[in-house]
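Down below is the structure, laid out as structure tokens.
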Amino acid sequence: MKVYITRRIPDAGLQLLREAGIAYTEYTEKKNLSPEALIAACLEHDALLSVGGNRIDADFLDACRHLKVISLMSAGYDNVDVPAAERLGIPVGNTPGVLSNATADTAFLLMLATARKAFYMHKRIARGEWGFFEPTANLGIELNGRTLGIFGLGKIGMELARKCRGAWDMPVIYHNRRRNREAEALLGAVYVPFETLLEQSDVLSVHAALTPETKGVFNAAAFARMKPTAIFINTARGQLHNEEDLTGALRSGQLWGAGLDVTNPEPMRPDNPLLDMPSVAVLPHIGSATEEARNGMAAIAARNVIAGLRGEPLPFAVKS
Ligand code: DGY
């Protein structure tokens, strides 16, 4: 049995595959695989371990219906046509949970970096612009007691809410498809309609999956409803926000700041105007980039491969 792995992954995953007697091929080139190359590689293998958002659509699945399992090394599965995989009987797995803390840390980092214009200040020092102490310049805002709004309060949102309650005593409001009773009981989180979330959040952090319903939901109309003192944070998927609308809202002062770990498109171009705005902080999709999270993700992805190749239920299966 052989698995094709679309990027180099931590040894924690490879070790499990070796112990299970599963051979693997890792794609190690520093560029994205084309859809054709992915199909050609998969035709030589029994399973796919996909890293980095390879498009697994109906065409791919049709060409690779022999695959016994598709294991994603990600929590998100918006790149996969799950109903099509289900119709073909190919199980799909993902890696939720192990990256929640790391991703919440990234949102927390972006909140503070944005509020204190930290990335912009760093750039100014590098440009030789640290002149003298100016009491009225470089002013940020404090997060203490401000309202944290969470769009999509699942595991990652819970971790962020916990951190923000502890660090800044922030009251938490949220909007979800379903009520999160645990967050309500443990953190006093209050469920609100989407419009209220926009209007009352001082920091609005996005943690929802990308679906047809959530795609582009943070657009000009949404930003116009937010407070001019508010900060928008996105560590989920760039396609949940419209980047032109976000740029416009920041330029016009409709919105105070933004912290992004995901952009639309990715990678962000180096001449993107957001990179020159003082109250904007951008990271290159590193939400889960810690030793702990990536080792955990690699291990779960390998366990999903092993189970799939043995014809057993996946430990972490995705359902439509
Ligand atoms: C995830 O796990 O979905 C992260 O965004 C990495 O792709």
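The values are calculated or read from the model by the stated rules, or taken from the named source; none is laboratory data. In this text the structure is predicted, and so the values were computed from the model without any measurement. All Cβ positions, even for glycine, are placed from backbone atoms using ideal geometry, and neighbour counts span all protein chains on display.
Restricting attention to the range 83-93, does a residue exist that is part of a loop (DSSP other than H, G, I, E, B), within 16 Å of the ligand (Cβ to nearest atom), surrounded by fewer than 18 Cβ atoms within 10 Å (Cβ to Cβ) and assigned by TED's automatic domain parsing to the domain that holds Gly296?
So far as the range 83-93 goes, no, none of its residues is part of a loop (DSSP other than H, G, I, E, B), within 16 Å of the ligand (Cβ to nearest atom), surrounded by fewer than 18 Cβ atoms within 10 Å (Cβ to Cβ) and assigned by TED's automatic domain parsing to the domain that holds Gly296.
Only one of these is touching a residue at least 24 places away in the same chain (Cβ under 8 Å), away from the ligand (no atom under 16 Å from the Cβ) and not assigned by TED's automatic domain parsing to the domain that holds Gly52: Pro270, Pro228, Pro212. Name it.
Being touching a residue at least 24 places away in the same chain (Cβ under 8 Å), away from the ligand (no atom under 16 Å from the Cβ) and not assigned by TED's automatic domain parsing to the domain that holds Gly52 holds for just one of Pro270, Pro228, Pro212, which is Pro228.
Do the conditions hold for Tyr77, that is, is it aromatic (Phe, Trp, Tyr) and either assigned by TED's automatic domain parsing to the domain that holds Gly257 or more than 16 Å from the ligand (Cβ to nearest atom) (or both)? Explain how you work it out, then say what you get.
Numbers: aromatic (Phe, Trp, Tyr): yes; either assigned by TED's automatic domain parsing to the domain that holds Gly257 or more than 16 Å from the ligand (Cβ to nearest atom) (or both): no.
Against the criterion (aromatic (Phe, Trp, Tyr) and either assigned by TED's automatic domain parsing to the domain that holds Gly257 or more than 16 Å from the ligand (Cβ to nearest atom) (or both)), Tyr77 does not qualify.
All but one of (1) within 16 Å of the ligand (Cβ to nearest atom); (2) under 19 Å from the mean Cα position of the chain (by Cα); (3) part of a helix (DSSP H, G or I); (4) of a type outside the set (A, V, I, L, M) hold for Gly13, so report the exception by its number.
Result: Gly13 passes all but (2).
Just wondering, is there one or more residues in the range 106-117 that are in contact (Cβ under 8 Å) with a residue 24 or more places away in the chain and either closer than 15 Å to Ala317 by Cα or part of a loop (DSSP other than H, G, I, E, B) (or both)?
Yes, because at least one residue in the range 106-117 is in contact (Cβ under 8 Å) with a residue 24 or more places away in the chain and either closer than 15 Å to Ala317 by Cα or part of a loop (DSSP other than H, G, I, E, B) (or both).
Identify the residue in the range 34-57 that is surrounded by fewer than 17 Cβ atoms within 10 Å (Cβ to Cβ) and within 16 Å of the ligand (Cβ to nearest atom) and, among all such residues, is modelled with the lowest pLDDT. Show your work before the answer.
First, the residues of the range 34-57 that are surrounded by fewer than 17 Cβ atoms within 10 Å (Cβ to Cβ): 34-37, 39-40, 43-44, 52, 55, 57.
Adding the requirement that they be within 16 Å of the ligand (Cβ to nearest atom) leaves 52, 55.
Working: Gly52: 90, Arg55: 96.
Once the filter is applied, the top-ranked residue is Gly52.
It is to be established whether one or more residues within the range 108-122 are within 16 Å of the ligand (Cβ to nearest atom) and assigned by TED's automatic domain parsing to the domain that holds Arg294.
Checking the range 108-122: not a single residue is within 16 Å of the ligand (Cβ to nearest atom) and assigned by TED's automatic domain parsing to the domain that holds Arg294.
Going residue by residue through the range 126-135, is there one that turns out to be aliphatic (A, V, I, L, M), assigned by TED's automatic domain parsing to the domain that holds Leu275 and either within 14 Å of the ligand (Cβ to nearest atom) or within 21 Å of the chain's Cα centre (by Cα) (or both)?
no
Any idea which of (1) crowded, with 17+ Cβ neighbours inside 10 Å; (2) more than 16 Å from the ligand (Cβ to nearest atom); (3) on the phi > 0 side of the Ramachandran plot is the one Asp202 doesn't satisfy?
(3)
Can you find a residue in the range 58-65 that is part of a strand (DSSP E or B), touching a strand residue (DSSP E or B) at 6+ places or on another chain (Cβ under 8 Å) and away from the ligand (no atom under 13 Å from the Cβ)?
No - not one qualifying residue is present in the range 58-65.
Can you find, within the range 224-239, the residue that is nearest to the chain's Cα centre (by Cα) among those that are crowded, with 24+ Cβ neighbours inside 10 Å and outside any loop (DSSP other than H, G, I, E, B)?
My answer is Asn234.
Do you know which residues across the range 274-292 are touching a residue at least 24 places away in the same chain (Cβ under 8 Å), surrounded by 13 or more Cβ atoms within 10 Å (Cβ to Cβ) and not in a loop (DSSP other than H, G, I, E, B)?
Passing the criteria: Leu274, Val280, Ala281, Val282.
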